[in-house]
Amino acid sequence: MNGPIRTRWFSSISMKLFIITFFSVICLFLVIGLFGYQRLFTPIRENNDSALQASVDQMEKSLKAFMDNIQTQFIFLSNAGIYNHLNQDDYNVLLQNMHALHNDSIDGFYFIDNGEVTISEPYSYQYFVTPETLSLIIEKTGESGFWWSEPYRTGDRRVITVARQINKHQYIVLDLNLDSLTDPLIAQEENKHVYLFSNSGLYITSNASLTNYEEIQRHNDMVSSLAELIQSGRRGMEIVEAEGGEYKVLQSKGNRWGWIVFSIIKENEAYPLLSSLKQQLFIVFLIAVALAVVVSGWVAMYIQKPFSAIIRQLKAGARGDLASRVIIRRSDEFALIASGFNRMMNNIQTLFNDLQKSEERKRHHELKVLHSQVNSHFLNNTLSAIYYLDRSGRGQEMGEMIGSLMGLMQYSMDKVSEIVTVEEELKQLDNYVRLMQLRYGDAFDFEMVVPDELTSAPIPKLTLITLVENSIFYGLNQPEPNFIIVTGAMENEGRITLEVSDRGPGISEDKLARLLAREETETAYKGLNNLGIRSVQDRIQLHFGMACGLSFRNEEDGGLIVTVRLPLSLPSSAKEAAVGLK
């Protein structure tokens, strides 16, 4: 009792030691890392907030410079002196050049004269200007001489219309593509995004990438969050939640149009140094985990490894693997358990081998008794046929029949050897066929075509005779004579094949499978022996192994082919078994 009890306690202590060691190392590293992180967090945060504010101011200036440039170009086009100095064709060329220069930011120019569009660039652009739009431009621009519309959507783009009065009834108009306003900002840091909103909270444009579903979802959430921030009236730095986490938001309203510029950065990306520290802390944590796992795991594995080896071999033994043994090179309680298990498996293996040999001897004996018994029906029918041959004066045929019968009886009842050569089997098969032809006349034809190099191969006695016997009796009720042929061929891997084919009715594969699996009883014909297909299969595999035996194939036009696979020479193990069972 003391041995197993000490083992269980030791296993329990090892588990406790693993847990204590693991969490002690983890907690120590976490305390040191968090303390250092907290000490650095405040100054780094203040420094990065200042840098982020400077970035927002720079973006505002870039946007202002861009808009001023567009406005300067537009004022040049709307100068009355330039317009009056140029004819219509020259002015149209000037519009073409201006549009070519700013085609990424300006959708189109058009000139209004007395309430109608007379010039446009591109040329077809004038046909998309509605009368309502013309009336609104003339009304709004006539009041102050210069007018910016509210942002509006056309197709998949956001646009504003800018108009300036040249003369009393003449106006120059351009449609500005708002999506291009953020183009100068695309070169900014990749982790920063810019969003433009009107003063009323209407989204204008952004430089955020929208190439996949996740980015589109994050963009839509951000637009909604920023619109709510505008309505709340809060200014300065804010934290906004959107798809993907929390974001730092800085806003500015320093442009002449009253538009609101938002600079967006993900919270964990706003402070690169802190992010780097977090990464280093995470690496330290991983190292702590690795060290804790290695040290604690070594302790646990010292106990777990022998347990696993014993359990694995126990499962193998339960599955019937009698060769399973536990190998432990230790001198503790596990070595005692392994030694006891190995002794038990050795005893079981010895008992199993003795039982297997006993069963094999019993089976050999049963088979020898079975195939040594000449069927009384066969003997009675054969003697009757000899009697009628004598009565009919056919003495020569009677003598041949008696000679064949004597050879078959001696061959069948000979208890000296279970294994014979193919040559001996074919010789007695010829005697058997002559008896059957004298008895049944022209009911079947028979032929043997076996090469001489195969005749020295070993074969269990009565194998071919039993297969031919089955072919004869299966084909007796056929309207046409049955044709039976025995052939042979050399196979690879030191084996030969003998085939017995007939023109009988064949046999279904299902019935054959049940017969070989011992699920169906064979039909007892009144032949030479009580041996059948199943017995032949058992005898071949008993002597030569599972690689040898019978296989069956039905012919398409009727008949059955039985293939017998045999070794070219008798294996040494089969020789020893044959000697021991004589």
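The values are calculated or read from the model by the stated rules, or taken from the named source; none is laboratory data. Note that the structure is predicted; figures quoted are calculated from it, not measured. Here Cβ is always computed from backbone atoms with ideal geometry, including for glycine, and neighbour counts include all displayed protein chains.
Data overview
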read-out: Selected residue (criterion: nearest to V468 (Cα to Cα)) from residues of segment 489-502 that are surrounded by 15 or more Cβ atoms within 10 Å (Cβ to Cβ) and in contact with a Pro (Cβ under 8 Å, 6 or more places away or on another chain); value: I496
read-out: Condition broken by S62, with the remaining ones in (1) over 59 Å from the mean Cα position of the chain (by Cα); (2) surrounded by 12 or more Cβ atoms within 10 Å (Cβ to Cβ) satisfied; value: (1)
read-out: Residue check for I172: touching a Ser or Thr at 6+ places or on another chain (Cβ under 8 Å), among the β-branched types (V, I, T) and part of a helix (DSSP H, G or I); value: no
read-out: Segment 264-294, residues that are at pLDDT 80 or above and polar (S, T, N, Q); value: none
read-out: Within segment 190-231, tally of residues that are more than 26 Å from T154 (Cβ to Cβ), part of a helix (DSSP H, G or I) and under 42 Å from the mean Cα position of the chain (by Cα); value: 1
read-out: Total residues in segment 332-357, condition under 15 Å from I310 (Cα atoms) and either out of contact with any Leu (no Cβ under 9 Å at 6 or more places or on another chain) or not aliphatic (A, V, I, L, M) (or both); value: 13
read-out: Segment 31-44, subset surrounded by 12 or more Cβ atoms within 10 Å (Cβ to Cβ) and out of contact with any helix residue (DSSP H, G or I) (no Cβ under 7 Å at 6 or more places or on another chain), residue modelled with the lowest pLDDT; value: G36
read-out: Selected residue (only one of V468, V486 is in a strand (DSSP E or B) and buried (at least 21 other Cβ atoms within 10 Å of the Cβ)); value: V486
read-out: Residue check for I106: under 21 Å from V159 (Cα atoms) and either of a type in the set (V, I, T) or in contact (Cβ under 8 Å) with a residue 60 or more places away in the chain (or both); value: yes
read-out: Pairs where the first residue, in segment 133-147, is under 10 Å from R164 (Cα atoms) and the second is part of a helix (DSSP H, G or I) and basic (K, R), C-beta under 6 Å, 6+ apart; value: W147/K140
read-out: Answer residue from segment 153-179, given it is over 22 Å from S78 (Cα atoms) and modelled with pLDDT of 75 or more and is surrounded by the fewest Cβ atoms within 10 Å (Cβ to Cβ) among those; value: R153
read-out: In segment 365-420, the residues that are at pLDDT 75 or above, β-branched (V, I, T) and not in a helix (DSSP H, G or I); value: I419, V420
read-out: Residue identified as modelled with pLDDT of 70 or more and surrounded by fewer than 18 Cβ atoms within 10 Å (Cβ to Cβ) among I540, I507, I533; value: I507
read-out: Segment 277-292 residues that are farther than 11 Å from L30 by Cα, paired with ones that are modelled with pLDDT of 80 or more and in a helix (DSSP H, G or I) (beta carbon under 9 Å, 6 or more apart); value: none
read-out: Candidate set: segment 141-152, residues that are surrounded by 14 or more Cβ atoms within 10 Å (Cβ to Cβ) and farther than 23 Å from Y203 by Cβ; chosen: the one farthest from the chain's Cα centre (by Cα); value: G142
read-out: Checklist (1) modelled with pLDDT under 80; (2) assigned to a strand (DSSP E or B) applied to R234, failing item; value: (2)
read-out: Subset of segment 445-465 (residues that are outside any helix (DSSP H, G or I) and surrounded by fewer than 24 Cβ atoms within 10 Å (Cβ to Cβ)); value: D445, F446, E447, M448, V449, V450, P451, T455, S456, A457, P458
read-out: Residue check for E556: surrounded by fewer than 19 Cβ atoms within 10 Å (Cβ to Cβ) and either of a type outside the set (D, E, K, R) or modelled with pLDDT under 80 (or both); value: yes
read-out: Selection count, segment 433-459, where residues are at pLDDT 85 or above and either outside the structural domain of G549 (by TED's automatic domain parsing) or among the aromatic types (F, W, Y) (or both); value: 2
